[in-house]
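Throughout, read-outs are computed from the coordinates displayed, never taken from laboratory work. Predicted model only: the values in this text are computed from it and were never measured. Cβ coordinates were reconstructed from backbone atoms using ideal geometry, including for glycine residues, and neighbour counts include every protein chain displayed.
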Amino acid sequence: MTNVTTQAEVSLYPLKARDISKEIDAFVRELEAAGCKVETGRMSSIASGDSHTLFAGLERAFIRAAEGGPVVLAVKVSNACPAR
């Protein structure tokens with residue numbers, strides 16, 4: 001299976017969290033620990049890396065976030081957008 005350079009715009013919405021910044025920061029750290037490059041913004045973040053790393057990182061970060069309570073994760077994925 002081909003492994004391609006991939007970018008994803010991600011937005012995590014921790015529902016019922018008292019401190020959403022803490023939850024979002026932990027999510028970003030999980031992506032980075034998985035080997036993804038992450039640029040955070042005010043409304044969303046851009047995660048990039050090879051496709052295998054990016055999808056594995058998204059899975060890992062989502063599971064960790066979900067272990068803390070209900071969350072919504074919105075993701076847009078592209079192999080056509082240049083990494084910043």
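Please quote Rg/Rh for the chain to two decimal places, taking the Kirkwood radius as Rh and restricting both calculations to Cα atoms.
0.97
So, R0 is 25 Å and r is the distance between the beta-carbons of MET43 and GLU67; what FRET efficiency does that work out to, to 0.05? For MET43 and GLU67, the calculated efficiency is 0.55.
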